1. Here are a few candidate values for percent of Cα pairs over 30 Å apart: [x] 32; [y] 15; [z] 22. Which one was actually calculated from the structure I just gave you?
2. Provide the per residue accessible area, probe 1.4 Å, for the chain, rounded to a whole number of square angstrom.
3. Which chymotrypsin sites (Phe, Trp or Tyr not before Pro) in the stretch 23-75 sit in a loop by DSSP (not H, G, I, E or B) and have at most 12 other Cβ atoms within 10 Å of their own Cβ?
4. Among LEU117, LEU41, LEU15, which one moves the most in a GNM of the chain with springs linking Cα atoms closer than 10 Å?
5. Taking the stretch 61-166, how much of its Cα-Cα pair set, in percent, is spaced more than 23 angstrom apart?
6. For the chain, which whole percent of the accessible surface, found with a 1.4 angstrom probe, sits on carbon and sulfur atoms?
7. Which percentage, to the nearest 5, of the DSSP beta bridges contained in the chain is antiparallel?
8. Would you please give the residues with an amide H less than 5 Å from that of ASP168, counting only those at least 5 places away or on a separate chain, with H modeled from the backbone geometry?
Amino acid sequence: MRRLFIKIYRFAFILHGIGFLRSPNKETIIEDIYSQKKKPLNRSRIFFDLLEKLASDKYFRTLFYFRTRGFLSNFLRIFFHRDQRFTIDINTELGGGVILAHPYSSIINAESVGKNLYINQLVTIGESNGHRPKIGNNVKLYTNATIIGGITIGDNVVVGAGSVVVKDVPSNCIIAGNPAKIIRYVK
(Lines give C-alpha, C1' and ligand atoms only; values in the text may rest on other atoms or scores of the structure.)
Protein backbone atom coordinates (compact mmCIF):
# COMPACT_ATOMS: atom_id res chain seq x y z
CA MET A 1 0.00 0.00 0.00
CA ARG A 2 2.84 2.38 0.90
CA ARG A 3 4.57 1.69 -2.45
CA LEU A 4 1.34 2.51 -4.31
CA PHE A 5 0.96 5.78 -2.39
CA ILE A 6 4.55 6.77 -3.17
CA LYS A 7 4.11 5.91 -6.85
CA ILE A 8 1.15 8.29 -7.00
CA TYR A 9 2.67 10.91 -4.66
CA ARG A 10 5.90 11.15 -6.67
CA PHE A 11 4.08 13.02 -9.43
CA ALA A 12 3.69 15.93 -7.01
CA PHE A 13 7.46 16.35 -7.41
CA ILE A 14 7.42 17.06 -11.17
CA LEU A 15 8.75 20.59 -10.61
CA HIS A 16 11.71 19.08 -8.78
CA GLY A 17 12.40 17.15 -11.97
CA ILE A 18 12.63 20.43 -13.86
CA GLY A 19 15.16 21.64 -11.28
CA PHE A 20 17.10 18.41 -11.83
CA LEU A 21 17.09 18.80 -15.62
CA ARG A 22 18.35 22.39 -15.33
CA SER A 23 20.98 21.58 -12.71
CA PRO A 24 24.69 21.51 -13.59
CA ASN A 25 24.98 18.74 -10.95
CA LYS A 26 22.86 16.13 -12.80
CA GLU A 27 25.52 13.41 -12.78
CA THR A 28 26.22 13.92 -9.08
CA ILE A 29 22.51 13.72 -8.27
CA ILE A 30 22.29 10.50 -10.29
CA GLU A 31 25.16 9.09 -8.20
CA ASP A 32 23.20 10.04 -5.07
CA ILE A 33 20.00 8.38 -6.33
CA TYR A 34 21.78 5.09 -7.00
CA SER A 35 24.23 5.14 -4.11
CA GLN A 36 22.59 2.07 -2.56
CA LYS A 37 21.40 0.23 -5.65
CA LYS A 38 22.44 -0.54 -9.18
CA LYS A 39 21.93 2.15 -11.79
CA PRO A 40 19.36 1.16 -14.44
CA LEU A 41 20.38 0.53 -18.02
CA ASN A 42 17.47 2.67 -19.25
CA ARG A 43 18.30 6.37 -18.71
CA SER A 44 14.61 7.33 -18.95
CA ARG A 45 14.04 5.46 -15.66
CA ILE A 46 16.30 7.93 -13.79
CA PHE A 47 13.65 10.67 -13.78
CA PHE A 48 11.04 8.39 -12.16
CA ASP A 49 13.56 7.04 -9.64
CA LEU A 50 14.40 10.65 -8.70
CA LEU A 51 10.74 11.49 -8.14
CA GLU A 52 10.23 8.35 -6.05
CA LYS A 53 13.31 9.08 -3.92
CA LEU A 54 12.16 12.68 -3.36
CA ALA A 55 8.68 11.50 -2.35
CA SER A 56 9.88 8.83 0.06
CA ASP A 57 13.07 10.24 1.63
CA LYS A 58 13.22 13.61 3.36
CA TYR A 59 16.97 13.28 3.91
CA PHE A 60 17.51 12.81 0.20
CA ARG A 61 15.33 15.86 -0.41
CA THR A 62 17.70 17.89 1.80
CA LEU A 63 20.64 16.65 -0.27
CA PHE A 64 18.76 17.41 -3.50
CA TYR A 65 18.08 21.01 -2.43
CA PHE A 66 21.78 21.37 -1.58
CA ARG A 67 22.71 20.19 -5.09
CA THR A 68 20.13 22.33 -6.93
CA ARG A 69 20.43 25.64 -5.16
CA GLY A 70 18.53 28.54 -6.65
CA PHE A 71 15.15 30.18 -6.82
CA LEU A 72 13.24 27.04 -7.86
CA SER A 73 14.68 24.95 -5.01
CA ASN A 74 13.96 27.67 -2.48
CA PHE A 75 10.41 27.95 -3.75
CA LEU A 76 9.82 24.18 -3.69
CA ARG A 77 11.14 23.93 -0.12
CA ILE A 78 8.10 25.95 0.99
CA PHE A 79 5.77 23.12 -0.06
CA PHE A 80 8.04 20.07 0.16
CA HIS A 81 10.13 20.50 3.26
CA ARG A 82 13.65 19.29 3.72
CA ASP A 83 14.64 17.67 6.99
CA GLN A 84 15.42 20.46 9.47
CA ARG A 85 17.59 18.17 11.61
CA PHE A 86 20.08 17.35 8.84
CA THR A 87 22.28 20.24 7.72
CA ILE A 88 24.80 20.60 4.91
CA ASP A 89 26.80 23.83 4.94
CA ILE A 90 26.45 25.71 1.67
CA ASN A 91 30.25 26.03 1.30
CA THR A 92 30.92 22.28 1.52
CA GLU A 93 32.17 20.55 -1.63
CA LEU A 94 30.32 17.25 -1.48
CA GLY A 95 31.06 14.37 -3.87
CA GLY A 96 28.37 12.15 -5.34
CA GLY A 97 27.05 8.81 -4.15
CA VAL A 98 26.20 10.00 -0.64
CA ILE A 99 24.53 7.26 1.41
CA LEU A 100 22.23 8.76 4.02
CA ALA A 101 21.58 5.80 6.28
CA HIS A 102 19.84 7.84 8.94
CA PRO A 103 21.47 11.29 9.25
CA TYR A 104 19.13 12.54 11.98
CA SER A 105 20.76 15.53 13.76
CA SER A 106 23.85 15.38 11.57
CA ILE A 107 25.85 18.37 10.36
CA ILE A 108 28.22 18.40 7.39
CA ASN A 109 30.47 21.47 7.43
CA ALA A 110 33.64 20.35 5.65
CA GLU A 111 36.07 21.90 3.22
CA SER A 112 35.54 18.94 0.90
CA VAL A 113 34.08 15.44 1.03
CA GLY A 114 34.86 12.78 -1.56
CA LYS A 115 32.53 10.32 -3.25
CA ASN A 116 30.48 7.63 -1.53
CA LEU A 117 30.21 9.13 1.95
CA TYR A 118 28.16 6.97 4.33
CA ILE A 119 26.66 8.99 7.16
CA ASN A 120 24.65 7.87 10.17
CA GLN A 121 22.81 9.80 12.89
CA LEU A 122 24.29 12.43 15.22
CA VAL A 123 27.42 12.90 13.09
CA THR A 124 29.15 16.26 13.32
CA ILE A 125 31.69 17.44 10.79
CA GLY A 126 32.63 20.92 11.90
CA GLU A 127 35.14 23.70 11.93
CA SER A 128 37.50 24.84 14.62
CA ASN A 129 39.09 28.28 14.49
CA GLY A 130 37.91 28.71 10.90
CA HIS A 131 39.46 25.45 9.68
CA ARG A 132 37.29 22.69 8.27
CA PRO A 133 38.04 19.00 7.61
CA LYS A 134 38.85 17.42 4.25
CA ILE A 135 37.41 13.93 3.86
CA GLY A 136 38.38 11.41 1.17
CA ASN A 137 36.39 8.89 -0.87
CA ASN A 138 34.50 5.89 0.53
CA VAL A 139 34.45 7.13 4.12
CA LYS A 140 31.92 5.71 6.58
CA LEU A 141 30.87 7.79 9.58
CA TYR A 142 28.93 5.88 12.20
CA THR A 143 26.64 7.12 14.98
CA ASN A 144 27.82 10.13 16.98
CA ALA A 145 31.17 10.46 15.18
CA THR A 146 32.66 13.93 15.54
CA ILE A 147 35.26 15.31 13.13
CA ILE A 148 36.58 18.75 14.00
CA GLY A 149 39.13 21.22 12.62
CA GLY A 150 41.47 21.49 9.66
CA ILE A 151 42.30 17.79 9.48
CA THR A 152 42.44 15.36 6.57
CA ILE A 153 40.81 11.95 6.52
CA GLY A 154 42.07 9.64 3.77
CA ASP A 155 40.17 7.32 1.46
CA ASN A 156 38.44 4.10 2.60
CA VAL A 157 38.28 5.06 6.29
CA VAL A 158 35.70 3.78 8.77
CA VAL A 159 35.07 6.08 11.74
CA GLY A 160 33.53 4.11 14.59
CA ALA A 161 30.53 5.15 16.64
CA GLY A 162 31.24 7.81 19.26
CA SER A 163 34.68 8.65 17.87
CA VAL A 164 36.16 12.12 18.17
CA VAL A 165 38.62 12.83 15.35
CA VAL A 166 40.93 15.81 15.81
CA LYS A 167 44.08 14.60 13.97
CA ASP A 168 44.81 13.53 10.41
CA VAL A 169 43.85 9.97 9.49
CA PRO A 170 45.65 7.97 6.76
CA SER A 171 43.79 6.01 4.09
CA ASN A 172 42.56 2.43 4.45
CA CYS A 173 42.00 2.14 8.17
CA ILE A 174 39.39 1.81 10.90
CA ILE A 175 39.48 4.34 13.71
CA ALA A 176 37.58 4.56 16.97
CA GLY A 177 37.69 6.15 20.39
CA ASN A 178 37.95 9.54 22.03
CA PRO A 179 40.37 10.75 20.83
CA ALA A 180 40.20 8.48 17.79
CA LYS A 181 43.04 6.03 17.23
CA ILE A 182 43.73 3.58 14.45
CA ILE A 183 42.27 0.20 15.37
CA ARG A 184 43.52 -1.59 12.27
CA TYR A 185 44.46 -1.11 8.65
CA VAL A 186 42.32 -2.60 5.89
CA LYS A 187 43.14 -3.50 2.28
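The values are calculated or read from the model by the stated rules, or taken from the named source; none is laboratory data. Computed from a prediction, not measured in an experiment: that's the story for all the values here. Here Cβ is always computed from backbone atoms with ideal geometry, including for glycine, and neighbour counts include all displayed protein chains. All accessible areas refer to the heavy atoms of the entire protein, side chains included, with ligands and DNA or RNA removed. Shrake-Rupley method; radii C 1.70, N 1.55, O 1.52, S 1.80 Å.
1. So the structure-derived entry is [z].
2. Working: 9980 Å² over 187 residues.
That works out to 53 Å² per residue.
3. On the way: sites: TYR34, PHE47, PHE48, TYR59, PHE60, PHE64, TYR65, PHE66, PHE71, PHE75; in loops: TYR34.
Taking the stretch 23-75 and a limit of 12 other Cβ atoms within 10 Å, no loop chymotrypsin sites (Phe, Trp or Tyr not before Pro) are found.
4. Judging by the Gaussian network model, the answer is LEU41.
5. Details: 1234 of 5565 pairs.
Result for the distance tail: 22 percent.
6. On the way: 5520 of 9980 Å².
Here carbon and sulfur together make up 55 percent of the probe-accessible area.
7. Working: 5 of 31 bridges.
Around 15 percent antiparallel, to the nearest 5.
8. It is THR152, by chain and number.
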